[in-house]
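Okay, so here's the structure we're looking at.
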Amino acid sequence: MPVFWLALIVLALAAIGYVTGRARALSSGGGNIRNLHSLPAYYGWHVALMVLVPAFAIMVVWLLVQPVMVNGSVSGGLPEGAVAEDTTLDLVMSDVRRVAEGLDAAVASGGMTPEEAQSSTIDLDGLRDRLGAVGVALGSEVSPEILNAAQSYRGLTATGRFWMTLVVLLAAIGGFVFAMRRTRADFRARNVVESGIRALLLGAASIAILTTIGIVLSLVFNTIEFFRLYPAADFFFGLTWSPSFGGGSELGILPLLWGTFYISLIALAVAVPIGLFAAIYLSEYAGPKVRAVAKPLLEVLAGIPTIVYGLFALLTVGPLLLGIFGDEGLGWMQAGTAVMTAGVVMGIMLIPFVSSLSDDIINAVPQAMRDGSYGLGATRSETIRQVVLPAALPGIVGAILLAASRAIGETMIVVLGAGAAARLSLNPFDAMTTVTAKIVSQLTGDADFASPEALVAFALGMTLFIVTLGLNVLALYIVRKYREQYE
Amino acid sequence: MYDAVNTEQSVQQTETKISARNVQVYYGDTHAIKDVDVDIADKTVTAFIGPSGCGKSTFLRCLNRMNDTIDICRVEGRIELDGEDIYDPKVDPVQLRAKVGMVFQKPNPFPKSIYDNIAYGPRIHGMARNKAELDEIVERALRRGAIWDEVKDRLDAPGTGLSGGQQQRLCIARAVATEPEVLLMDEPCSALDPIATAQVEELIDELRQNYSVVIVTHSMQQAARVSQKTAFFHLGNLVEFGDTSQIFTNPEDPRTESYITGRIG
């Protein structure tokens, strides 16, 4: 039975459980809600949860585990000669899975009877074409070993599916019966539902955390793989970045880190003063009407996709800067793509981050502070400079660091605005590139995925991850440490 | 009960420092202060008493134009400081507030060191030519705030680390440091324990030698103890204004009597 129908059946059972559980509780309370421990709906939810949770838990685990088991069993059953010299077990197994898929598709479309699909006398010569006709293209003719493995793969999968359906249905029914038997007037259904909700929330939180761990682990393993192929010292201290896909690349991260750092620095130099001053204006000077219009407008900037900023850099800011600093002007700039172009545009992108966060933080400074200062005869700007900003400083620093980690992670603006040349230079009008832009170009090439030229992307990603993580941790630490100062 | 009303009550008639005539205050559509006329004498402690929401704090904040910082607040009428209208467009509210200092209900030290808290006003107004002079001003202010002995060894410590009573005395010292002519106090003891309250009250009595002090208070005993003049506000009206001894022993208006004997409030 397909998983979809199985899930639907379990859901239907849960819905029935809700209704009957509620009704049973009501009747056991003599029809009077006040005789029940909990509101009737809680009894219904209790039954529904008892149906859903175990059944779906079993289903999820089964769906995750079954392919692994089947794979192991089938690949263990492959004869010695099935894995040829120039290939690997993984590739053969993916062939097996594709043939199995093709047989499934053929049976589903009616081009093959189920018996024929499982029979050993199936005609091998026409098989490739017949599978191609139902949309599964194969790279070569199907060998008997592979067909055999595919058939046993199908068989095991079908058996697994059957047992899964059975177990899941049994679990759902078992849960139903168990919950119905517990449903009496004095049963504390409300507390059971409460712990069910708690588990749901916990589950959501752990999925987020587990995903993060998974991402980090995949980065770590690929990074380790990279360092096996390429010396770590050359990676971290190399001054040249010149990957060549034929081998013999120099993969020094320093030019990329420098480019990242330089562009982020220019971006922050643009975003921090403008953003901060805008925040001060909005929170301290602007009237309620101006604020109601200006703040959302400023935040619209944050909603523009970065690729649009990239276009803006490429088509507007680059040529503009070139007109001033290029050959016709000061002669410092060769082309529109430069650190300056990307930095300025990225700074514009970051303004709403800095201003929005700073605005909230400045507003959180108690009015009593300002009153105290005004009461001593200070002007607005004196009050802001000497009382409000020092009180809000930890938060503002936190906001700036968050903006910095965004700047470091930004890609599209760099790709379009700063060029692709990895270079160590002090001239902000040179083209440079950043870590993120190079990760993209290393992974989108034709390189073999096991080569250092492709794996370096993971090492770059890991480095970037650690840098931004460090910045975020620092930002949180600063914000927490100094937060209570004025409370 | 009012035995603190002692010989100090016999105030010599001094000149009027602040005179308010026909003052109206509106918060949006709410008429918060109605037709208030009051004369605040120099070198005298004037107490504003009245139930919560009667407008005494609002009126106090009119005297140094602190209400300007509230967008929806509108003040009408005439308030004169030394004969000059403080709501005249020519008057700079910032200058005015340097002359009419304010201490707030909740201690609000700045997140700076104790020294910088006190030096804040003098620095803004350029009252010291050099560090030595500033040190002197800070020490004098802290002494007058009756907190010098407690903090002299830790002037670099943050002002926010002091206890509530110390913080309030620090705020008073901060207000005193700018050498104001009038000191407005908005329930300065409401967040303090009795011992700290007694210290602050003692301080107020000393400040009377040099300043005109206006204090808003919810404590009738406190008003009786520290003030020479008392104004009773009710529902935005100034009901009665006169010598403290008179208000507390022989009020003219029945509402005043009801309030001070605890029947309304």
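Kindly indicate whether A:Gln367 is free of Cβ contacts under 8 Å to residues at least 12 places away in the same chain and either more than 16 Å from A:Val270 (Cβ to Cβ) or of a type in the set (D, E, K, R) (or both). Yes, satisfied. Summed over region A:204-244, the residues that are of a type in the set (Ser, Thr, Tyr) and not in a helix (DSSP H, G or I) give a count of 4. Scanning region B:152-171 turns up at least one residue that is modelled with pLDDT of 90 or more, within 9 Å of chain A (Cβ to nearest Cβ), in a helix (DSSP H, G or I) and open to solvent by less than 50 Å² (accessible area, probe 1.4 Å). For A:Phe458, the conditions (1) closer than 30 Å to B:Leu162 by Cα; (2) modelled with pLDDT of 85 or more; (3) among the aromatic types (Phe, Trp, Tyr) all hold with the exception of (1). Can you name the residue in region A:180-194 that is in a helix (DSSP H, G or I) and open to solvent by 60 Å² or more (accessible area, probe 1.4 Å) and, of all such residues, is nearest to A:Ala41 (Cα to Cα)? Applying the filter and picking the extreme gives A:Arg190.
Can you confirm whether B:Val91 is crowded, with 21+ Cβ neighbours inside 10 Å and in contact with an Asp or Glu (Cβ under 9 Å, 6 or more places away or on another chain)? No, not satisfied. Among the strands (runs of 3 or more DSSP E) confined to region B:34-132, the ones with at least 2 residues that are touching a Gly at 6+ places or on another chain (Cβ under 7 Å) and touching a residue at least 24 places away in the same chain (Cβ under 8 Å) are located at B:100-103. The combined condition, being in a helix (DSSP H, G or I), out of contact with any His (no Cβ under 6 Å at 6 or more places or on another chain) and buried (at least 18 other Cβ atoms within 10 Å of the Cβ), is fulfilled by A:Val51.
Scanning region A:363-382 for residues that are part of a loop (DSSP other than H, G, I, E, B) and facing chain B (nearest Cβ under 7 Å) yields A:Leu376, A:Gly377, A:Ala378, A:Thr379.
Residue-wise test of (1) in contact with a strand residue (DSSP E or B) (Cβ under 8 Å, 6 or more places away or on another chain); (2) more than 10 Å from chain A (Cβ to nearest Cβ); (3) farther than 30 Å from A:Lys289 by Cβ.
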position: B:Thr69; (1), (2), (3): no, no, no
position: B:Glu80; (1), (2), (3): yes, yes, yes
position: B:Asp88; (1), (2), (3): no, yes, no
position: B:Gln95; (1), (2), (3): no, no, no
position: B:Gly101; (1), (2), (3): yes, no, yes
position: B:Asn108; (1), (2), (3): no, no, no
position: B:Ser113; (1), (2), (3): yes, yes, yes
position: B:Ala119; (1), (2), (3): no, yes, yes
position: B:Arg123; (1), (2), (3): no, no, yes
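Quick check on region A:283-298. Is at least one of its residues crowded, with 19+ Cβ neighbours inside 10 Å and within 14 Å of chain B (Cβ to nearest Cβ)? There is at least one residue in region A:283-298 that is crowded, with 19+ Cβ neighbours inside 10 Å and within 14 Å of chain B (Cβ to nearest Cβ).
Using the structure shown, decide if A:Asp360 is away from every other protein chain (no Cβ under 14 Å), open to solvent by 10 Å² or more (accessible area, probe 1.4 Å) and more than 27 Å from A:Leu322 (Cβ to Cβ).
yes
Checked against the criterion of being open to solvent by less than 60 Å² (accessible area, probe 1.4 Å), aromatic (Phe, Trp, Tyr) and within 23 Å of A:Val467 (Cβ to Cβ), region A:219-233 has at least one qualifying residue.
So that you can scan it fast, the table gives a plain yes or no per residue for (1) part of a helix (DSSP H, G or I); (2) touching a residue at least 12 places away in the same chain (Cβ under 8 Å); (3) open to solvent by less than 60 Å² (accessible area, probe 1.4 Å); (4) aromatic (Phe, Trp, Tyr):
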| site | (1), (2), (3), (4) |
| --- | --- |
| A:Ile384 | yes, yes, yes, no |
| A:Ile396 | yes, yes, yes, no |
| A:Leu416 | yes, yes, yes, no |
| A:Ser425 | no, no, yes, no |
| A:Asp430 | no, yes, yes, no |
| A:Ala437 | yes, yes, yes, no |
| A:Phe449 | no, no, no, yes |
| A:Thr463 | yes, yes, yes, no |
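Report yes if A:Val99 is in contact with a helix residue (DSSP H, G or I) (Cβ under 8 Å, 6 or more places away or on another chain) and on the phi < 0 side of the Ramachandran plot, otherwise no. Judged against the criteria, A:Val99 is a match. Quick check on region A:73-89: of everything there that is surrounded by 11 or more Cβ atoms within 10 Å (Cβ to Cβ) and assigned to a helix (DSSP H, G or I), which residue is modelled with the lowest pLDDT? Taking the candidates together, the pick is A:Ala82.
For (1) at pLDDT 90 or above; (2) under 16 Å from the mean Cα position of the chain (by Cα), each residue gets a yes or a no:
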position	(1), (2)
B:Ser190	no, yes
B:Ala196	no, no
B:Leu207	no, yes
B:Thr217	yes, yes
B:Val226	yes, yes
B:Ala231	yes, yes
B:Tyr259	no, no
B:Arg263	no, no
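Assigned by TED's automatic domain parsing to the domain that holds A:Ala14, in a loop (DSSP other than H, G, I, E, B) and exposed (fewer than 12 other Cβ atoms within 10 Å of the Cβ): is that true of A:Gly111 in this structure?
On the way: assigned by TED's automatic domain parsing to the domain that holds A:Ala14: yes; in a loop (DSSP other than H, G, I, E, B): yes; exposed (fewer than 12 other Cβ atoms within 10 Å of the Cβ): no.
No; evaluated as a whole, the condition is false for this residue.
On the basis of being surrounded by 18 or more Cβ atoms within 10 Å (Cβ to Cβ) and assigned by TED's automatic domain parsing to the domain that holds A:Asp104, does A:Phe176 make the cut? Spelling it out, A:Phe176 is indeed surrounded by 18 or more Cβ atoms within 10 Å (Cβ to Cβ) and assigned by TED's automatic domain parsing to the domain that holds A:Asp104.
Checked against the criteria, B:Asp29 does not count as charged (D, E, K, R), open to solvent by 40 Å² or more (accessible area, probe 1.4 Å), away from chain A (no Cβ under 14 Å) and touching a residue at least 60 places away in the same chain (Cβ under 8 Å).
Could you list all residues from region A:178-197 that are closer than 23 Å to A:Val61 by Cβ and out of contact with any helix residue (DSSP H, G or I) (no Cβ under 9 Å at 6 or more places or on another chain)? Correct list: A:Ser195, A:Ile197.
The values are calculated or read from the model by the stated rules, or taken from the named source; none is laboratory data. This one's a predicted model, so the numbers in the text were calculated from it and none came from an experiment. Cβ sites come from the backbone with ideal geometry, for glycine too, and all protein chains shown count toward neighbours. Accessible surface areas use protein heavy atoms only, side chains included; no ligands, DNA or RNA. Shrake-Rupley method; radii C 1.70, N 1.55, O 1.52, S 1.80 Å.
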